[in-house]
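What follows is a single structure, written as C-alpha coordinates, with notes after it.
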Amino acid sequence: MNSPLIIALDFPEADQAIRFSNKLDPALCRVKVGKELFTQAGPKLVETLMKKGFEVFLDLKFHDIPNTVAAACKAAANLGVWMVNVHALGGSAMMKAAREAIDDSSCKLIAVTLLTSMGREDLKEIGLMGEPLDIVGRLATLAKSCNLDGVVCSAMEAAMLKTKFGKDFCLVTPGIRPAGSSQDDQKRVMTPKEAIAGGSDYLVMGRPIREAPDPSRALQAILEEIA
Ligand code: C5P
(Lines give C-alpha, C1' and ligand atoms only; values in the text may rest on other atoms or scores of the structure.)
Protein backbone atom coordinates (compact mmCIF):
# COMPACT_ATOMS: atom_id res chain seq x y z
CA MET A 1 0.00 0.00 0.00
CA ASN A 2 1.64 3.23 -1.03
CA SER A 3 -0.72 5.86 0.35
CA PRO A 4 1.19 8.32 2.55
CA LEU A 5 -1.86 9.06 4.70
CA ILE A 6 -2.10 7.95 8.32
CA ILE A 7 -5.39 8.90 9.93
CA ALA A 8 -5.26 9.59 13.67
CA LEU A 9 -8.05 7.76 15.49
CA ASP A 10 -8.15 10.24 18.38
CA PHE A 11 -11.34 8.96 19.98
CA PRO A 12 -11.96 8.18 23.65
CA GLU A 13 -13.66 4.83 22.98
CA ALA A 14 -13.38 1.81 20.71
CA ASP A 15 -16.95 2.10 19.39
CA GLN A 16 -16.37 5.58 18.05
CA ALA A 17 -13.04 4.59 16.51
CA ILE A 18 -14.59 1.58 14.78
CA ARG A 19 -17.61 3.52 13.55
CA PHE A 20 -15.28 6.13 12.07
CA SER A 21 -12.96 3.54 10.55
CA ASN A 22 -15.98 2.12 8.69
CA LYS A 23 -15.94 5.34 6.67
CA LEU A 24 -12.33 4.77 5.58
CA ASP A 25 -10.89 2.49 2.93
CA PRO A 26 -7.89 0.50 4.23
CA ALA A 27 -6.50 0.53 0.68
CA LEU A 28 -6.21 4.32 0.82
CA CYS A 29 -4.85 5.05 4.30
CA ARG A 30 -3.37 3.64 7.48
CA VAL A 31 -4.64 4.45 10.97
CA LYS A 32 -2.91 5.65 14.12
CA VAL A 33 -3.89 4.51 17.60
CA GLY A 34 -2.54 6.70 20.38
CA LYS A 35 -2.31 6.65 24.15
CA GLU A 36 -5.89 7.59 25.00
CA LEU A 37 -7.58 5.09 22.72
CA PHE A 38 -5.11 2.30 23.45
CA THR A 39 -5.36 2.78 27.21
CA GLN A 40 -9.13 2.60 26.94
CA ALA A 41 -9.57 -0.06 24.29
CA GLY A 42 -6.32 -2.05 24.28
CA PRO A 43 -4.95 -4.65 21.86
CA LYS A 44 -8.45 -5.92 21.06
CA LEU A 45 -9.24 -2.74 19.18
CA VAL A 46 -5.94 -2.92 17.30
CA GLU A 47 -6.80 -6.48 16.29
CA THR A 48 -10.26 -5.40 15.14
CA LEU A 49 -8.76 -2.66 12.97
CA MET A 50 -6.24 -5.08 11.47
CA LYS A 51 -9.01 -7.59 10.71
CA LYS A 52 -10.75 -4.82 8.79
CA GLY A 53 -7.59 -4.58 6.69
CA PHE A 54 -5.93 -1.53 8.25
CA GLU A 55 -2.23 -1.24 8.90
CA VAL A 56 -1.84 0.29 12.35
CA PHE A 57 0.69 2.79 13.65
CA LEU A 58 0.76 2.24 17.43
CA ASP A 59 1.74 5.70 18.65
CA LEU A 60 2.65 5.02 22.29
CA LYS A 61 6.00 6.85 22.28
CA PHE A 62 7.80 4.43 24.61
CA HIS A 63 10.44 5.97 26.91
CA ASP A 64 11.85 3.80 29.71
CA ILE A 65 14.90 1.67 30.53
CA PRO A 66 16.15 -0.34 27.51
CA ASN A 67 14.86 -3.70 28.76
CA THR A 68 11.33 -2.39 29.32
CA VAL A 69 11.14 -0.52 26.00
CA ALA A 70 12.50 -3.53 24.11
CA ALA A 71 9.83 -5.75 25.66
CA ALA A 72 7.08 -3.22 24.90
CA CYS A 73 8.19 -2.97 21.25
CA LYS A 74 8.28 -6.74 21.03
CA ALA A 75 4.71 -6.91 22.36
CA ALA A 76 3.63 -4.36 19.74
CA ALA A 77 5.36 -6.26 16.93
CA ASN A 78 3.76 -9.51 18.13
CA LEU A 79 0.41 -7.81 17.94
CA GLY A 80 1.16 -7.29 14.25
CA VAL A 81 1.21 -3.50 14.05
CA TRP A 82 2.81 -1.80 11.05
CA MET A 83 4.73 0.80 13.03
CA VAL A 84 5.64 1.61 16.64
CA ASN A 85 7.60 4.48 18.17
CA VAL A 86 9.91 5.43 21.03
CA HIS A 87 11.35 8.73 22.31
CA ALA A 88 14.86 9.40 20.98
CA LEU A 89 15.49 11.15 24.32
CA GLY A 90 15.54 7.65 25.87
CA GLY A 91 19.05 7.38 24.41
CA SER A 92 20.98 5.05 22.15
CA ALA A 93 21.03 2.01 24.46
CA MET A 94 17.24 2.14 24.63
CA MET A 95 16.81 2.59 20.86
CA LYS A 96 19.28 -0.20 20.04
CA ALA A 97 17.51 -2.56 22.45
CA ALA A 98 14.18 -1.71 20.83
CA ARG A 99 15.66 -2.30 17.37
CA GLU A 100 17.14 -5.66 18.30
CA ALA A 101 13.91 -6.77 19.95
CA ILE A 102 11.90 -6.42 16.75
CA ASP A 103 14.54 -6.97 14.09
CA ASP A 104 12.93 -10.26 13.11
CA SER A 105 9.57 -8.63 12.39
CA SER A 106 8.37 -6.31 9.65
CA CYS A 107 7.18 -3.74 12.19
CA LYS A 108 8.73 -0.33 11.50
CA LEU A 109 10.42 1.42 14.42
CA ILE A 110 10.63 5.19 14.48
CA ALA A 111 11.62 7.79 17.07
CA VAL A 112 10.06 11.00 18.28
CA THR A 113 12.80 13.64 18.35
CA LEU A 114 11.41 16.65 20.23
CA LEU A 115 7.76 17.09 21.07
CA THR A 116 6.52 19.95 18.90
CA SER A 117 4.61 21.23 21.92
CA MET A 118 7.94 22.22 23.49
CA GLY A 119 9.42 25.60 22.65
CA ARG A 120 12.89 26.94 23.31
CA GLU A 121 12.06 27.94 26.93
CA ASP A 122 10.53 24.54 27.75
CA LEU A 123 13.67 22.85 26.39
CA LYS A 124 15.95 25.13 28.41
CA GLU A 125 13.97 24.26 31.55
CA ILE A 126 14.91 20.58 31.15
CA GLY A 127 18.53 21.35 30.29
CA LEU A 128 18.34 21.15 26.50
CA MET A 129 20.17 24.25 25.29
CA GLY A 130 20.51 25.49 21.74
CA GLU A 131 18.33 25.72 18.68
CA PRO A 132 15.43 23.24 18.61
CA LEU A 133 16.24 22.44 14.97
CA ASP A 134 19.83 21.50 15.93
CA ILE A 135 18.56 19.31 18.76
CA VAL A 136 16.12 17.61 16.35
CA GLY A 137 19.00 17.02 13.93
CA ARG A 138 21.16 15.50 16.68
CA LEU A 139 18.40 13.22 17.96
CA ALA A 140 17.53 12.09 14.43
CA THR A 141 21.23 11.31 13.81
CA LEU A 142 21.23 9.21 16.97
CA ALA A 143 18.05 7.39 15.89
CA LYS A 144 19.58 6.67 12.49
CA SER A 145 22.81 5.39 14.08
CA CYS A 146 20.68 2.94 16.10
CA ASN A 147 19.19 1.66 12.81
CA LEU A 148 15.73 3.01 13.41
CA ASP A 149 13.56 3.33 10.31
CA GLY A 150 12.85 7.03 10.69
CA VAL A 151 11.53 9.79 12.91
CA VAL A 152 8.40 11.76 13.65
CA CYS A 153 9.08 15.39 12.79
CA SER A 154 7.29 18.59 11.87
CA ALA A 155 6.92 19.19 8.15
CA MET A 156 9.12 22.28 8.68
CA GLU A 157 12.01 20.01 9.68
CA ALA A 158 11.44 17.43 6.96
CA ALA A 159 13.50 19.08 4.21
CA MET A 160 16.57 19.37 6.46
CA LEU A 161 16.24 15.76 7.63
CA LYS A 162 15.57 14.37 4.15
CA THR A 163 18.70 16.07 2.78
CA LYS A 164 20.76 14.80 5.68
CA PHE A 165 19.54 11.19 5.81
CA GLY A 166 18.28 10.35 2.33
CA LYS A 167 15.21 8.63 1.04
CA ASP A 168 15.36 5.42 3.08
CA PHE A 169 15.00 7.17 6.45
CA CYS A 170 11.27 7.74 6.74
CA LEU A 171 9.79 10.99 7.96
CA VAL A 172 6.37 10.94 9.59
CA THR A 173 4.80 14.36 9.97
CA PRO A 174 1.72 15.63 11.81
CA GLY A 175 0.47 19.23 11.63
CA ILE A 176 -0.96 18.81 8.13
CA ARG A 177 -3.86 20.97 6.97
CA PRO A 178 -5.42 21.05 3.50
CA ALA A 179 -5.56 24.60 2.11
CA GLY A 180 -8.48 26.50 3.60
CA SER A 181 -9.14 24.17 6.56
CA SER A 182 -8.95 25.16 10.24
CA GLN A 183 -5.52 25.10 11.93
CA ASP A 184 -7.11 24.02 15.24
CA ASP A 185 -4.40 24.05 17.92
CA GLN A 186 -1.54 23.30 15.50
CA LYS A 187 0.82 26.26 15.40
CA ARG A 188 2.84 25.58 12.26
CA VAL A 189 1.01 23.73 9.53
CA MET A 190 1.65 22.69 5.95
CA THR A 191 -0.67 21.46 3.23
CA PRO A 192 -0.38 17.79 2.22
CA LYS A 193 1.18 18.78 -1.09
CA GLU A 194 3.77 21.07 0.54
CA ALA A 195 4.66 18.43 3.12
CA ILE A 196 5.24 15.72 0.50
CA ALA A 197 7.23 18.14 -1.68
CA GLY A 198 9.31 19.01 1.41
CA GLY A 199 10.33 15.40 1.99
CA SER A 200 7.67 13.93 4.31
CA ASP A 201 6.98 10.26 3.62
CA TYR A 202 3.89 9.84 5.76
CA LEU A 203 1.34 12.46 6.77
CA VAL A 204 -0.52 12.06 10.05
CA MET A 205 -3.92 13.71 9.82
CA GLY A 206 -6.67 13.81 12.39
CA ARG A 207 -9.31 16.51 12.57
CA PRO A 208 -9.33 17.57 8.88
CA ILE A 209 -10.53 14.04 8.04
CA ARG A 210 -12.43 13.14 11.22
CA GLU A 211 -14.46 16.34 11.17
CA ALA A 212 -15.11 16.39 7.43
CA PRO A 213 -18.77 15.95 6.44
CA ASP A 214 -17.64 13.09 4.19
CA PRO A 215 -14.29 11.70 5.49
CA SER A 216 -13.88 9.34 2.56
CA ARG A 217 -14.29 12.13 0.04
CA ALA A 218 -11.95 14.41 2.02
CA LEU A 219 -9.31 11.68 1.99
CA GLN A 220 -9.73 11.07 -1.71
CA ALA A 221 -9.37 14.80 -2.42
CA ILE A 222 -6.07 14.88 -0.51
CA LEU A 223 -4.74 11.87 -2.42
CA GLU A 224 -5.64 13.56 -5.69
CA GLU A 225 -3.95 16.78 -4.56
CA ILE A 226 -0.66 15.01 -3.85
CA ALA A 227 -0.79 12.55 -6.75
O1 C5P B 1 -6.09 16.55 14.39
P2 C5P B 1 -4.66 16.68 13.94
O3 C5P B 1 -4.46 16.50 12.45
O4 C5P B 1 -4.01 17.93 14.47
O5 C5P B 1 -3.95 15.42 14.63
C6 C5P B 1 -2.58 15.22 14.58
C7 C5P B 1 -2.21 13.93 15.27
O8 C5P B 1 -0.80 13.85 15.33
C9 C5P B 1 -2.71 13.82 16.71
O10 C5P B 1 -2.95 12.43 16.97
C11 C5P B 1 -1.54 14.31 17.52
O12 C5P B 1 -1.51 13.76 18.80
C13 C5P B 1 -0.36 13.80 16.68
N14 C5P B 1 0.87 14.54 16.86
C15 C5P B 1 0.98 15.91 16.65
N16 C5P B 1 2.17 16.55 16.83
C17 C5P B 1 3.26 15.86 17.20
C18 C5P B 1 3.19 14.47 17.42
C19 C5P B 1 1.96 13.85 17.23
O20 C5P B 1 0.01 16.55 16.27
N21 C5P B 1 4.40 16.48 17.34
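The values are calculated or read from the model by the stated rules, or taken from the named source; none is laboratory data. Since the structure is predicted, the reported quantities are computational estimates derived from the model, not experimental observations. Note that we place each Cβ from the backbone using ideal geometry, even for glycine, and neighbour counts take in every protein chain shown. When the accessible area is computed, the model is the full protein with side chains, heavy atoms only, and any ligands, DNA or RNA have been set aside. Shrake-Rupley method; radii C 1.70, N 1.55, O 1.52, S 1.80 Å.
For region 93-137, name all the residues that are surrounded by fewer than 13 Cβ atoms within 10 Å (Cβ to Cβ) and part of a helix (DSSP H, G or I). Passing the criteria: E121, K124, E125, D134. Checking E47 against (1) under 21 Å from D104 (Cα atoms); (2) charged (D, E, K, R); (3) surrounded by fewer than 22 Cβ atoms within 10 Å (Cβ to Cβ); (4) under 15 Å from the mean Cα position of the chain (by Cα), only one condition comes out false. Which one? So E47 meets the others, but not (4). Restricting attention to region 177-186, the residues that are more than 10 Å from the ligand (Cβ to nearest atom) and surrounded by 14 or more Cβ atoms within 10 Å (Cβ to Cβ) add up to 1. Filtering region 50-82 down to residues that are of a type outside the set (A, V, I, L, M) and more than 17 Å from K108 (Cβ to Cβ), which residue is most open to solvent (accessible area, probe 1.4 Å)? Ranking the candidates gives K51 first. The set of residues in region 39-74 being within 16 Å of the ligand (Cβ to nearest atom) and closer than 24 Å to G91 by Cβ consists of F57, L58, D59, L60, K61, F62, H63.
Residues that are among the hydroxyl-bearing types (S, T, Y) and within 14 Å of the ligand (Cβ to nearest atom) were ranked within region 101-159; the one that is farthest from L5 (Cα to Cα) is S117. Taken over region 187-211, residues that are buried (at least 17 other Cβ atoms within 10 Å of the Cβ) and in a loop (DSSP other than H, G, I, E, B) amount to 7.
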